[in-house]
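Any read-out appearing in this document is the output of simple, stated calculations on the displayed coordinates, not a laboratory observation. Just so it is clear, the structure is predicted and the values come from calculations on it, not from any experiment. Ideal geometry is used to build each Cβ from the backbone, glycine not excepted, and the neighbour counts take in all protein chains shown.
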Amino acid sequence: MSSPGLLQKNYFELFGVTPSFKLEPRLLEDSWKRLQAVVHPDKLASQGLGSSRRLAVEMSTRVNEAYQTLSSPLQRALYLMELSGFKLDPELSSKVPLAFLEQQMEWREQIDEAKSQGSDAYVQAARALHVQLEQQVSQVHEELASLFKVFPVPESAAELVKQTIQSLMFLERFEQSLPR
Amino acid sequence: MALLQISEPGETSLPHQRRLAVGIDLGTTNSLVAAVRSGAPEVLKDENSRSILPSVVVYGDDGSISVGAVDSSAPLGGSVVSSVKRIMGRSLADVRAIRLPFELQADDESKGMPFIPTVQGLRSPVEVSAEILKALRRTAEKALADEIVGAVITVPAYFDDAQRQATKDAARLAGIHVFRLLNEPTAAALAYGLETGAEGTYVVFDLGGGTFDVSVLKLTQGVFEVVATGGDSQLGGDDFDRLLAQAWLSYNGLSADALDHTQWRALLKLARSSKEALLHLDSDAQEVSEVFELDAKTRLTLAVSRQLFANLTADPVDRALKACHQTLQDAQLNPADVHGVVMVGGSSRLLNVRQAVQSLFGDCLKDSIDPDQVVALGAASQAHLLAGNALASDGWLLLDVLPLSLGIETMGGLAERILPRNTPIPVARAQEFTTFKDGQTSMAIHVVQGERETVADCRSLARFELKGIPPMVAGAARIRITFQVDADGLLQVSALETRSGVSAQIEVRPSYGLTDDEIASMLEQAVANSRDDMQQRALREAQIDLQQLIEAISAALEQDGDLLSAEERQALISEIDQARKVCGAGDRDALVFASERLGGLADPFAERRMNRAVAQALTGQSIENL
C-alpha cells in the first residue's frame, strides 16, 4: 500500500498536519476527538470492526500519545527536534544564555524579598511575576516558531534551537514553582 | 398507506441477535442494576419490586447466603457483612483505620489481605462483592427474561488499580463478563448528557455514603471528555452521620467509647434517619427530635436542626469544596466556566451541601435524574453501546482519564512519576532508568500510585524483578520501563534492558488481592455445582461471538471491499462460508477456533479499514499552520 501503516506514521502525519511549531489548540483538540471517534476500542462494537480489538487499543493509545505531545509546546518542540535527528535529554542542561540566568536570579531575589514582607506581598509579587513569565514564554514560543520554519532542523541551527528549548524548560519549571 | 422502510447502505441490519447488557452501580451502601429497554435506560426491579439492593450479604449458619437485607442486624446464628466496598483491593494495614461494621482477620499465609470471618468461614472482600453481583445478575436475568452477555460496572473515579482489579475479579467470580469498568461520575455525566442533550463544561459532584468524587467533563456533539477528576476517598455521607452522633453524645456528656458496637450502630442509624428528616422541614431553625434508648436506664432526647447540622458538618463540606477547587485548577478552569453541576449520590440532596455547591458554582445544579439512579442509568447506556446494540451513527464516545498518577520507586524512597493523573487513557509511556552499582544483574521494580513525592505516602501496586542484566558498570545499563493503561484504567508494566534485550513483564495484580490461581480455584468450586449451566453459557457466548464476527466482516466487505485484492476478497469470503457451517455447531472449541481463524484472516483488512476511517475523519477539516 502507498501510505505508511497507521502505527508507523509520526504524530504530525497521524493528525494530518505538516510538522511545525505553531498549531491551533482548538483544531488539534477537534482532530483528536475525530480520530478517537474512529479508533477507540469502545467504538468497535458499533463500527463492525469486532475482530481487531488489539489494533484499536494500540491506535487509540497512539492517538492519545500524539495528542499529549502535540498539545504541549515544550513536548512539541522536543518532538520536532527528535524528528530532525537530535534527541534531547530533558534532564540534561546544555548552555543557557547568561542573560537568561541573570534574569532568573533577579526574579528569585524579588520573590524572596516579597516573602520576607509577609504573605500578601508574596502573593502579589508572585502574581506580577506570572504575568511577566507568560510574556517571556510567548516570546520564546515565537522564537521557536520561526526557528522551526526550516524543518527538518539543519545541523547548523540545532544548537540555537536546543538553547531556546532549554530556556522554555527553565521558564516552565520556574513558573510551576510559584504559588498560583 | 404504510411506507416500506429502507435502511441506509452500510448500516445493514442483518438478522442481529440483540445482546442483553446491563449497567451495574456496585455501591458501598446500595447497589443497582439497569438496562436499556425500548430505547431508554431504566433500573431493573427484583421480584419484590425493589430497585435498590442494599449491599449487605448475610451468611446463614445453615449454609445459605442472602443479599439485600434491609435491617443489617445479625439474624440468629448468621453473619452480616456490609460496606465491603470500603476494603476492596486494600491491605489489612490500609483498612485498620477505617471504622467497619465487622471485624477483620488476616488469612493463614498472612499476606496482609483482609478476610471477614463469617459462620461459613473466612470470606475475602472480593467474594462478598461477588455475591452482590450474582444477586444483581439474577435480578437482571429475571427482569429481562434472558441471559446477559456482559456488564459495565461503575467504580469511584479515584479507585486505584488494585481496587479496580478487585472489582473485576468479583465480577469474574459472579460469572459476569465485564465490558468495561466505568468511573461513576463519568457514568452520571453520560446519563445526564444523553437525556438532556446538554453541551458545554459540566462538573459532576458525587457525594455517596463513603466516598466523594468530583469530575470535570466537556460535552460536545457525541463526545464525553473527562478533563480532570479528583475527590476525597475518606469523605462521605457516613461522616455526616458520625459527626451528628458524636455531637449528640457529647451534649449528653458521653463519649463514643462508652457505647458497644450495637448501641453505636443504632445511634448512627438514628443520625441517618434524622438527617433525612431534615430534608422535609420548612425552616432552618425547626428541629427533628427523637428519643434514643441507650439501655434500660438511659433515655436520651436527641434533636437536630438544619442550622445545627450545617455547623456540625462544616468541615467535610469544606473539604468537598476544596476538592472541587483543586479539580477545576487541574482542568485549568474557573467556576464561571462551568455550565452546570450534576448532583449524584444520596448525600448530594442535603441542603447545606447544595448551598455550598451553589456558593461556588452559582445557581446551576442539575438533578433532573434521581441522584441514586443516575450512575446505574449511565452505565446501562454504555453497556448497551458496547454490546453492539447501537448503530455507529447514534453512538457516542467516552474519553476518560487516569485518576491517579502512576510511577515507580527510585533511590531514597522517592516516587518517580511516569504517568501523571488526568492523562487521557488508553495510554502508554516509557521511561529509561539505569543501574546503581557496578555489575548489578537484577533490578527490583516497585510500582506505586498516588500524588505524593515519597513512596511511603503512595499506594504500593506491585513489585517485580528484572533479572539477567549483563554485568556492566553502574549507569551503563539502559532499562526501559513501559506503563500501559487500558480503557478500564488497568495497568500493565514491562521492563526491558535495551542493550541485552532482557525483559520482564507483569500484569499488575493487586498486592492484597487474589492471585489468578485463587480465582481459578474459586471458580472451579462454584462451577462444580452448576457445571452444565456454565457450559451452556460458554457455548452460547461462543456462538454469538462467531455470528457477530461474520456479520461484522460481511458488512465491512460490502462497505470497503475495494480495499482488498480479488484474491484476498475471495479468501475471506470462503473463510466466512466455512465459519457459517460451524455456527450452529454445539462444539465450543470448534466455534472459538473458527472465530480466531476468521478474525486473524480479517486483521489486515481491519487495519486498512481503520486507515481509511482515519483519513476520512480528518477530511473536511485540517489544522491550519498559522
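Computed extension gain for residue A:173 through residue A:150, at 0.36 nm per residue and net of the alpha carbon distance, reaches 5.5 nm. The mean number of Cβ atoms from other chains found within 10 Å of a Cβ in peptide A:24-37 is 5, as a whole number. Helix B:125-144 and the long axis of chain B differ in direction by around 70°, with both axes built from C-alpha atoms. Short-range pairs are left out: with C-alpha atoms under 8 Å and at least six residues apart, the relative contact order of chain A is 25 percent. Under the criterion of Cα pairs below 8 Å and six or more residues apart, the relative contact order for chain B equals 13 percent. Within 10 Å of each Cβ of B:598-610, how many other protein chain Cβ atoms are there on average? Across B:598-610, the average partner-chain Cβ count within 10 Å equals 5.
Seen against the Cα atoms of chain B and their longest principal axis, helix B:314-330 is set at about 20 degrees. Mean partner shielding of peptide B:398-405, defined as the number of other chain Cβ atoms within 10 Å of each residue Cβ, is 2.
Residue by residue, segment B:455-469 carries 3J(HN,Hα) couplings of 4, 4, 8, 9, 8, 7, 9, 6, 10, 8, 10, 9, 10, x, 6 Hz when phi is fed to the Karplus relation 6.51 cos²θ - 1.76 cosθ + 1.60 (θ = phi - 60°); x denotes Gly or Pro. From the square roots a ≥ b ≥ c of the eigenvalues of the alpha-carbon gyration tensor of segment B:343-437, which class results: rounded (a/c under 1.5), prolate (a/b over b/c), or oblate? The shape class here is oblate.
For chain A, the longest principal axis of the Cα atoms and the long axis of helix A:73-83 meet at an angle of about 60 degrees. Taking every Cα-Cα distance in the protein assembly as shown and sorting them into 10 Å bins starting at zero, the pair-distance distribution P(r) comes out as 2, 11, 20, 24, 21, 13, 7, 2, 0, 0 percent. For the listed residue pairs B:85/B:297; A:115/A:162; A:22/B:366; B:85/B:218, the alpha carbons are over 31 angstrom apart in B:85/B:297; A:115/A:162; A:22/B:366. In this structure the amide hydrogen of residue B:228, modeled in the peptide plane, comes within under 5 Å of the amide hydrogens of B:216, none closer than 5 places in sequence on its chain. Spatial offset of segment B:314-391 relative to segment B:162-187 amounts to 22 Å, using the alpha carbon center of each.
Rounded to the nearest Hz, the phi-derived 3J(HN,Hα) couplings of segment B:573-578 under the Karplus curve 6.51 cos²θ - 1.76 cosθ + 1.60 (θ = phi - 60°) are 5, 6, 5, 5, 4, 4, where x marks glycine and proline.
Sequentially through segment B:54-69, phi angles give Karplus couplings (6.51, -1.76, 1.60; θ = phi - 60°) of x, 7, 10, 10, 10, 9, x, 6, 8, x, 7, 10, 10, 10, x, 4 Hz, Gly and Pro residues having no value and appearing as x.
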